[in-house]
Amino acid sequence: MDTVAKARAPETGEIPLNEFLPREAPMDMAVQPLRRFEPQPAPRFASMWARRGFVLTGTAILTAAGCYEMYRVLQVGGVTVLESIILALFVLLFAWIAFSFMSGLAGFFVLLVRKKNELGIDPSTPLPAIHSRTAMLLPTYNEDPHRVLARLRATYESVAETGHGAQFDWFVLSDTTDPATWIAEEKCFLKLRQDVGSAATIFYRHRPENTARKSGNIEEWIRRFGSRYECMLILDADSLMTGDSVVRLVAAMEAHPKAALIQTLPVIVNAKSLFARWQQFAGRLYGPMLAAGIAWWHGSEGNYWGHNAIIRVRAFAQYAGLPELRGRKPFGGHIMSHDFIEAALMRRGGWAIHMAPTLRGSYEESPPTLSDFAARDRRWCQGNLQHLALLPTRGFHWVSRLHLLTGIGSYLTAPLWLIFLVFGILVSLQAQFVRPEYFPKGYSLFPQWPAQDPVLAAWVFAGTMGMLIAPKLLAFAVMLTDGDTRRKFGGGLLVLAGIIAETILSGLTAPVMMIFQSSAVGEILSGRDAGWQVQRRDDGAVSHRDTVSTYSVPTLFGIAMAAAAYAVSLPLLLWMTPVILGLLLSIPIAILSSSSGPNRSSRLFKTPEQTAPPPVLARANELASAPHSPLACPLHELRRDAGLLEAHLNNSGQRPRKRGEVDPHLAIARAKIEDAQTFEEAAGFLSAREKFAVLKSPPVLAVLFALPDSA
């Protein structure tokens, strides 16, 4: 049965509950060349040279000052080769810190003067009217469908409450490969459609092959349905948005026809573990100021973070088609961190990319533990390092290239810090064993006594730490000027205590992440592919055995670094205590930070969304906490539920195979089914991959269900 052709278009009325998709509306999407590009007429956007000059000049001045002071520290007795390396590393790392500081400083002034959003998005004004049709896209991959669709339903209801619900169609775009999760998605979707009514334009599509992961998922949707919509708003599996923010984004796109994308600032919510709570607190307090700063000087050359952003479908289809990179993984193949590249390609095509940092009502969730954060970070590391091959792409705006360099640098700085520390120990060791030259070359009446200046070294260290901590204090100052936000945070004194606690905890975990990221960079550069694991979103419980196994390497590294520093000198050990302490305490910190449930951190790291949860968040949590039965076996569930089986068969979309192409899992599954005497026996024979293959093949599924039940 050709369900796609038979189903009604969303604007024509009710859609049968067991049919998941509307009528197709295809749109071409061309793969973009990287080595050649015919430039478009230069688009006219607001000039950002003064703003960018402020940030870049400030970065250069601070870096030069830091470099000069570090040179004064190292020049005692002449600069050796090791000290020259130390100085070069310091310049790179200090420039990175200075660049972030200048962006934060810009954001501080933007928020302090209450500068209006340049897109005209003002949440304090009445909700504007909108006229275009927008698709809300939720890609999902082996996620808990009950929680995913709870968040989607809460967003759907919030949009409907604005009175503009008729302007939106909703698509769940599944790339799920786990058979039980796939059928659970279909079951949860049928329940959702039943609850909200058959007139609701909510659809579900499962892709048989998850080629190119999320970017391929969106591209496939555009090729099938894109021409019906002006814009698409991309959600993630943990995304949640208010109807007010969604409608204002659509209105901004209608008011700015040159805009291809507007990225919101998602706020972390629903943190349960200590680790997630301090990430939630930090993101909520510091994030708006940093985002305001980068939006201020990025202008129309903004970036894209992959979700909670609205995109003009025509611009995306015309310019954001991603090629497959040559070579083997991890650098070849499909582009993993696709969002940066899609934004750069659309900007290359003459479209504007904006950020709306002051628009509230955009939410996401955080990994529950440091281990989960590191696992996600490993995947992001590979995606960002893959951008090394894309830096030479012709036609990119220089700010777009800077985005790529920033992403790459965020991971390369970890091994640079590690090398910096190791060379610091070597320089100290050199000072212990290399005889200084008391009489330099040439005539000298008096000897030159080398004398270290610990006060100057301390000032350099204090200046570096100050530039890391200053943005937090600036964000605190901004928060104090907003009475309502200050009260929802719990008051100024409580927030200050939270900043101190978060700074200590972040400082202790930073050396651990340095080891993890350095290891990840080494693995990737040596050709090891990390794959794409599903992110955990539960309460963060981790066994002590797994924790010890994961953090044994940072602990051993801390022991080795402490022994090496002590062997050189006690003062060096004291200087390196902050780094060494974080490494030595990595196991207890990981165990402590993964703890969940009510504790003092619930109050210390309080956020406005905890104090006064927005209605959409409360509704999403209410729906997610509703009792539901987990699905044990997808085949048994389909056999038991005739309506679910009919919907699955009507909407299964097996990819046409090339002549002579054989699915080995399906072939093995069919042989096992033919050998079985009963349905239960056949279902028990099949592996997870074989069940997935059977679920994609209605003919083989029919053979399986023709088997009798066991006596």
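Here, each number is a calculation from the coordinates, and none is a lab measurement. Note that the coordinates shown come from a computational prediction; the quantities given were computed from them, not determined experimentally. Cβ atoms come from the backbone with ideal geometry, glycine included; neighbour counts cover every protein chain shown.
Fully extended, how many nm does the chain gain between Ala30 and Ala510 (0.36 nm per residue separation, minus their Cα-Cα distance)?
That pair, Ala30 and Ala510, stretches by 168.6 nm at full extension.
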Subject >> Global form of region 334-405, assessed from the alpha-carbon gyration tensor, a/c cut-off 1.5 >> reply: oblate
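Please report, ordered by residue number, every helix of the chain (full DSSP H runs) that is 27 Å or longer along its axis going by C-alpha atoms and whose mean Kyte-Doolittle hydropathy reaches -1.0.
On the way: long enough: 49-74 (36 Å, 0.57); 81-112 (46 Å, 2.34); 274-298 (34 Å, 0.26); 398-433 (48 Å, 1.33); 454-480 (37 Å, 1.80); 492-525 (46 Å, 1.59); 544-568 (34 Å, 0.68).
Taking the DSSP H segments of the chain (at least 27 Å long, mean hydropathy at least -1.0), we get 49-74, 81-112, 274-298, 398-433, 454-480, 492-525, 544-568.
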Original post:
Where both partners of a DSSP beta bridge lie in the chain, what percent of those bridges are antiparallel, to the nearest 5?
Top reply: 30 percent
Original post:
How far apart, in nm, are two points set 7 Å out from the Cα along the Cα-to-Cβ line at Val662 and at Tyr71?
Top reply: 7.1 nm
**OP:** Could you grab the relative contact order for the chain? Cα pairs under 8 Å, six or more apart, rounded to a whole percent.
**Re:** 19 percent
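Can you put His338, His256, His354 in order of Cβ neighbours within 10 angstrom, beginning with the fewest?
On the way: His338 22, His256 17, His354 27.
Going from sparsest to densest Cβ surroundings: His256, His338, His354.
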**OP:** Return the distance in nm (one decimal) between the two label points of a simple spin-label model at Val455 and Thr211, each offset 7 Å from Cα along Cα→Cβ.
**Re:** 7.0 nm
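Rounded, prolate or oblate: which fits region 48-186, taking a ≥ b ≥ c as square roots of the Cα gyration tensor eigenvalues, rounded meaning a/c under 1.5, else prolate when a/b beats b/c?
Details: a/c = 4.76, a/b = 1.87, b/c = 2.54.
It comes out oblate by the Cα gyration axes.
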Subject >> Extension reserve of the Trp49-Leu592 stretch, reckoned as 0.36 nm per residue once the Cα distance is removed >> reply: 190.8 nm
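For the chain, what is the charge dipole size about the Cα centre, in debye to the nearest 20, if Lys and Arg each add +1 at the Cβ and Asp and Glu each add -1 at the Cβ? Could the numbers behind the result be given before it?
Working: 69 positive and 60 negative charges, 301 e Å.
The dipole of the chain has a size of about 1440 debye.
Any chance you could run the full-extension gain for Glu161 through Ala560? It's 0.36 nm times the residue separation minus the Cα-Cα distance, nm to one decimal.
Length gained, Glu161 through Ala560: 137.6 nm.
Give the calculated FRET efficiency between Val91 and Arg328 to the nearest 0.05, with a Förster radius of 56 Å applied to their Cβ-Cβ distance.
Values: r = 34 Å, r/R0 = 0.62.
For R0 = 56 Å, the calculated efficiency reads 0.95.
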**OP:** List, in order, the whole-Hz ³J(HN,Hα) value for each residue of region 135-141 obtained from phi through the Karplus relation with A = 6.51, B = -1.76, C = 1.60 and θ = phi - 60°; use x for Gly and Pro.
**Re:** 9, 9, 10, 10, x, 9, 9
**OP:** Choose one of Val113, Met561, Trp278: the residue whose Cα lies farthest towards the positive end of the charge dipole of the chain (beta-carbon charges +1 Lys, Arg; -1 Asp, Glu; about the Cα centre).
**Re:** Val113
Original post:
Going by the alpha-carbon gyration tensor, a ≥ b ≥ c the square roots of its eigenvalues, is the chain rounded (a/c under 1.5) or, if a/c is not under 1.5, prolate (a/b greater than b/c) versus oblate?
Top reply: prolate
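Restricting to DSSP H runs of at least four residues, report the calculated mean residue ellipticity at 222 nm for the chain, -39500 (n - 2.57) per run over all residues, nearest 500 deg cm²/dmol. Please list the in-between numbers first.
On the way: 28 runs with 404 residues, N = 711.
Computed mean residue ellipticity for the chain: -18500 deg cm²/dmol.
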Subject >> Residues Asp236, Asp546, sorted so that the one with the fewest Cβ neighbours within 10 Å comes first >> reply: Asp546, Asp236
